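Here is the structure we will look at, set down as structure tokens.
The values are calculated or read from the model by the stated rules, or taken from the named source; none is laboratory data. Please read all numbers here as calculations on a predicted model, not as lab measurements. Cβ placement follows ideal geometry from the backbone for every residue including glycine, while neighbour counts extend to all protein chains displayed. These area figures cover heavy atoms from the full protein model, side chains too; ligands, DNA and RNA do not enter into them. Shrake-Rupley method; radii C 1.70, N 1.55, O 1.52, S 1.80 Å.
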Amino acid sequence: AAREKFGDSVLYHPQATINDVFDSVEKGNTTYGIVPFENSTYGSVVATLDNFISSKVQIFAETYLK
């Protein structure tokens, strides 16, 4: 998803968990984070939704993958 949205011209910092992605953005270690919002297998991704409630991080854009 990240490469589809931003291409290969940016530096990527993979994180182990969704919480780590939010922490990295909040601390200013990264400019953007890519997290799953929902998927076709399980629906909503609860960890992402919980972090949006408790974080100041905001959605900038979205992308869909098949």
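Probing with 1.4 Å while keeping every protein chain in the model, the per residue accessible area of the chain equals 83 Å². The P(r) of the chain has a tail past 16 Å containing 48 percent of all C-alpha pairs.
Scoring 17-25, 47-55, 4-12 by mean Cβ neighbours within 10 Å over their residues and listing the highest first yields 17-25, 47-55, 4-12. Karplus-derived 3J(HN,Hα) values for the stretch 36-43, using 6.51 cos²θ - 1.76 cosθ + 1.60 with θ = phi - 60°, are x, 9, 8, 9, 6, 7, 10, x Hz; glycine and proline are entered as x.
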